[in-house]
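The values are calculated or read from the model by the stated rules, or taken from the named source; none is laboratory data. Every value quoted in this text rests on a predicted model; they were computed, and no experiment measured them. Neighbour counts are summed over all protein chains in view; Cβ atoms, including those assigned to glycine, are modelled from backbone coordinates with ideal geometry.
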Amino acid sequence: MPELPEVETICNGLNAMLPASRVLNHIVFHRKDLRFPLPVEHADWLHDAHLHSLTRRGKYLLFEWNNKTGECGFLINHLGMTGSWRRLAETEPVGKHDHVCLHWTTGEVFAYRDPRRFGSLQWSTTADGISALAEMGPEPLEKSWTSTVLHRSLEKRSGAIKQVLLDQKCVAGLGNIYVCEALFRAGIAPDQPASSLTPADCTVLYRTIRAVLRKAIKAGGSTISDFVQTGGGTGYFQHDFRVYGREGEPCSTCGTAIQKMTIAGRGTWWCPVCQPAS
Ligand SMILES: [Zn+2]
């Protein structure tokens, strides 16, 4: 599932590929629903609308539109497991899994493809008009998120640190991959209670989360065109995974076999030596 760095990469890639005028001719919904019903009733509203901005919030893409009468509206897109955007080649027909198509006034067509259909595209009149965004925690790469903010958000949480970091209300955009990687690099056991982390632990974890995300965005940035054109498997930070998916392989730091456990139903990879229980 795309996490913050992949969604940021897709957002940057789409912004670079959009027609300069950013005026939509029309939108076509090729089915009525994905994970949630598609906002088919807003197709008329979007006719001739101007894309004011395309931004990322957590793991969501936010398309902000202004229509002909000056009203503002948002298409809020979650990529689910297999969602991706691509620009169709000139003579390319719409594919079986291209569920929503943006037809720009230039004649270009951008298709949202999602074979497994766990993604969503929802309508809102405000940037946080769906509950997942209204309740979302701070962006980890913004200045307002500090190690003190992180410590405050953990000190009353009794759950495992791994589980709390996956909660989008604590901090936005982290998923299983980057939480496993950040905890390894910070030397923190994934099942340690969140409330037991000291301010010093939080400083290390805070710096590590930001470093891992920045590095992944940089790695993804080099494959923007692949990611946007074909979606899915490329653009991840996968060549630099130290623990994620590496059960039984030697730890890159100490050589101990990487172990796997389940926390809150999610596979969790860690090194028992580098991430000792405290
Ligand atoms: Zn180790």
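The number of residues in the stretch 69-87 being crowded, with 18+ Cβ neighbours inside 10 Å and over 22 Å from residue 132 (Cα atoms) comes to 2. Looking only at residues that are under 24 Å from residue 172 (Cα atoms) and surrounded by fewer than 17 Cβ atoms within 10 Å (Cβ to Cβ) in the stretch 38-59, which one is nearest to the chain's Cα centre (by Cα)? So the residue we want is 55. Please find, among 161, 130, 217, the residue that is among the β-branched types (Val, Ile, Thr) and crowded, with 21+ Cβ neighbours inside 10 Å. After ruling out the rest, the residue left standing is 161. Pairing residues of the stretch 141-162 that are closer than 16 Å to residue 183 by Cβ and in the same structural domain as residue 187 (by TED's automatic domain parsing) with residues that are part of a helix (DSSP H, G or I) and at pLDDT below 95, at Cβ distances under 9 Å and at least 6 apart in sequence or on separate chains, gives 162/176. Could you go through the stretch 164-172 and let me know if any residue there is in the same structural domain as residue 265 (by TED's automatic domain parsing) and closer than 18 Å to residue 54 by Cβ. Yes, there is a match, as at least one residue in the stretch 164-172 is in the same structural domain as residue 265 (by TED's automatic domain parsing) and closer than 18 Å to residue 54 by Cβ. Among the residues of the stretch 86-141, count how many are touching a helix residue (DSSP H, G or I) at 6+ places or on another chain (Cβ under 6 Å) and closer than 14 Å to residue 75 by Cα. The number of residues fulfilling the criteria is 2.
Pairs are defined by a Cβ separation below 8 Å, a sequence spacing of at least 6 or placement on different chains, a first member in the stretch 114-135 that is farther than 22 Å from residue 99 by Cβ and free of Cβ contacts under 8 Å to residues at least 40 places away in the same chain, and a second member that is surrounded by fewer than 18 Cβ atoms within 10 Å (Cβ to Cβ) and basic (Lys, Arg); the pairs so defined are 135/169. Considering the stretch 260-278, and only residues there that are more than 10 Å from the ligand (Cβ to nearest atom) and among the polar types (S, T, N, Q), the residue that is surrounded by the most Cβ atoms within 10 Å (Cβ to Cβ) turns out to be 268. Here residue 66 fulfils each of the conditions (1) surrounded by fewer than 21 Cβ atoms within 10 Å (Cβ to Cβ); (2) among the polar types (S, T, N, Q); (3) more than 13 Å from residue 124 (Cα to Cα) apart from (3).
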